Structures are given as C-alpha cells and as structure tokens.
Amino acid sequence: MKENTNRLLPLLMFLSIITVFIVVGAVWKVSYLGLREMAVGLPTFFLGICVLVIAMMTLSLLNTVLVISPLARFSFGHKYIYKIVNMLFPLIVFWGKCLHVSRRSIERSFVSLNNKLIKYRHIKVKPDELLVLSPHCLQLASCKYKITYDVNNCHKCGGCSVGEMLKMAEQTGFHFHVVTGGTLARKLVKELHPKLILAIACERDLASGIQDVYPLPAVGVLNIRPNGPCYNTTVDLTEVKEAINKYIKNEDR
C-alpha cells in the first residue's frame, strides 16, 4: 500500500469509526430487550449517547480532513481531534496492520497532523517561553562530555548537531535541553513552564510525547537516523530554524 503521510491518519480514523459504529450497533441490538426490562426509556437513552459519541468522532474526522486540505482555515474544534485520536488509537493501529501500514507511518502521520493543527492556531511566544528538547542520541556516541544534565558542557566541536543547536539557543534565547526520556522531559516542563515545546525525536517518541503534554502545544521535528535508531542521529537544522522562527515573536514589532 502506497502511504501518504497527510491522508493516512484520516483514512484509518474513518475505518476505526465505522468499526465503532458496527460494534455499538450490535451491542445495542443485543442488549435492547434487557435494557427495556430495566426501564422503558433506557434503550433510547443508551442509543442517544452512542449516536452523540459517534457524531463527535465523525465531526473530528471531517475536521481532520479540513486541516490537511486547502480549506484548513475553516477547520474547528482542534482540541477534540487529539482526544478522538487517543480514543481510537488501538483501532487505528489495528487497521494499519490489516492494510500493511507500519506503526511508524501512523505515528509520522499523527505528528504531521499535529504540526498542521498548531500552525493554524497562529501561536507566537517569547524566546524564553519556548522549550526545545533533543534526544541524547543526537550527541556523538564517542563524545566524552555528558550533556544530559547540563547542555552547556557541550564543547561545540561540530561532531554532532548539539553544538549548532546550543549556538542557536544562545543567539535566540530559547531553552534548549538534551533529555534521556519522558521522565526528564516532563520534569523540565514542570520547572520551566513553557508555552510551546519543539521536540526533536523519532516518530514513536514524538507521538507519545505530544499526547503526553497535551494541551500544551508541542511541535514535532523528526530526527534523521543514518546509523539506525538511537545511535548517532542528527536533525535537519534548517527545518528546526524555520520552525523556531515561525513561532517566536518578533520583538522589534
């Protein structure tokens, strides 16, 4: 199956919603008599709740389609997309397997959708309100300087992308940290209280991290893995700079 990053998640959401509709309909039909014995209006009440939930899922799907289309400016209710995707994610992964779509591709599609949602919120923050997080695998594996607790230990030798990221942070004024996992990332969020996060990571870590910090907006930038996962990774610095410039306020205005 040829995968399209933008269209993949809406397609799997559609199949998942159809699955929920069929399952809920079957459960309602089987339990109808039992519900009616408990109270005459109970089947109707139960059906109403089910219809409401499915309607919300369908509206979120339509909104997702709007976000990835030229009509994105007409999209609405962005916060519900995250909730619906979280709710449907096991089914989304199931349908991905059925269609021979890897979980990584699904997570990549989610990160792409997330970035579009944040883009259309027109968020602007001061430099010190932005937290940029990088995985420790961005550092050269043979480097003897430990930077996970103090990124300023980096000697900016040019052997990896960390030095350039640190220079960018010093020039712009945003918070930059290298983290070993979600626990340290959450600790930094609690300490620094950023209004926006820009995270560099693989598809899996970005997808889980974005959902973990919600409703705090988090922009995802995928790392580059020329040596495989979690070892001497790098990042497109131009993409990082563009993302940072897009969301930082122009103090001269």
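Working from Cα positions, state the angle (0 to 90°, nearest 10) between the long axis of helix 203-213 and the longest principal axis of the chain.
80
Hey, what angle do you get for helix 103-119 against the long axis of the chain, alpha-carbon based, 0 to 90 degrees rounded to 10?
Taking Cα atoms only, the helix is inclined about 80 degrees.
Sorted by average packing, counted as other Cβ atoms within 10 angstrom per residue and highest first, what order do 135-141, 171-177, 6-12, 33-39 take?
Values: 135-141: 18.9, 171-177: 17.0, 6-12: 20.7, 33-39: 11.1.
Per-residue mean Cβ counts within 10 Å order the peptides as 6-12, 135-141, 171-177, 33-39.
Be a star and scan segment 81-123 for residues whose amide nitrogen sits under 17 Å from the point 7 Å along the Cα-to-Cβ vector of Arg204.
Residues passing the 17 Å test: 90, 93-94, 97, 101-111.
Give me the angle, in degrees from 0 to 90, between the Cα long axis of helix 5-38 and the longest principal axis of the Cα atoms of the chain, rounded to the nearest 10.
Taking Cα atoms only, the helix is inclined about 40 degrees.
Taking 0.36 nm per intervening residue step and subtracting the Cα-Cα distance, what contour gain separates Ile22 from Thr148 on full extension?
On the way: separation 126, 0.36 × 126 = 45.36 nm, distance 4.87 nm.
The span from Ile22 to Thr148 would gain 40.5 nm if fully extended.
Apply the Karplus curve 6.51 cos²θ - 1.76 cosθ + 1.60, θ = phi - 60°, to the phi angles in segment 151-168 and return the couplings in whole Hz, x for Gly and Pro.
5, 6, 6, 4, 9, 6, 7, x, x, 8, 7, 4, x, 5, 5, 5, 4, 4
Give me the net charge for the shell around Val111: Cβ to Cβ below 11 angstrom, other residues only, Lys and Arg +1, Asp and Glu -1.
Around Val111, the charge tally is +1.
What is the magnitude of the charge dipole of the chain about its Cα centre, with +1 placed on the Cβ of each Lys and Arg, -1 on the Cβ of each Asp and Glu, and no other charges, expressed in debye to the nearest 20?
280
Based on Cα positions only, what radius of gyration and what Dmax would you give for segment 127-247, in angstroms?
When restricted to the Cα atoms of segment 127-247, Rg and Dmax are 13.1, 37 Å.
Take the alpha-carbon centre of segment 214-253, take the same for segment 51-67, and report the distance between them in whole Å.
Cα centroid of segment 214-253 versus Cα centroid of segment 51-67: 29 Å apart.
Near the amide H of Val219, under 5 Å away, which other amide H atoms are found, from residues 5 or more places off or on another chain, if H is placed in the peptide plane?
Amide H neighbours of Val219, under 5 Å, 5+ apart: Ile197, Leu198, Ala199.
Consider the candidate values (1) 13.1; (2) 15.8; (3) 17.1; state which one is mean projected area of the Cα convex hull in nm² computed from the structure displayed.
Given (1) 13.1; (2) 15.8; (3) 17.1, the structure-derived one carries the label (3).
Full extension from Leu237 to Asn250: what is 0.36 nm times the residue separation minus their Cα-Cα distance, to one decimal in nm?
Here the segment from Leu237 to Asn250 would lengthen by 2.6 nm.
Using alpha-carbon positions, what is the distance between the centroids of segment 99-159 and segment 166-204, in Å?
Result: 8 Å between the Cα centres.
Would you mind checking segment 8-31 for residues with the amide N under 14 Å from a putative spin-label position 7 Å along Cα→C-beta of Leu62?
none
In Å and on Cα atoms, what radius of gyration and Dmax does segment 5-119 show?
Just the Cα atoms of segment 5-119 yield Rg and Dmax of 16.4, 52 Å.
Among the listed pairs Lys144/Lys187; Lys116/Lys187; Lys119/Lys195; Lys97/Lys119, give every one whose C-alpha distance is greater than 21 Å.
Details: Lys144/Lys187 25 Å; Lys116/Lys187 27 Å; Lys119/Lys195 14 Å; Lys97/Lys119 30 Å.
Violating the 21 Å limit, Cα to Cα: Lys144/Lys187; Lys116/Lys187; Lys97/Lys119.
Read-outs throughout are calculated quantities, based only on the coordinates presented, and are distinct from any laboratory measurement. All values derive from a computational prediction rather than experimental measurement. Please note: Cβ atoms are built from the backbone with ideal geometry, for glycine as well, and neighbour counts cover all protein chains shown.
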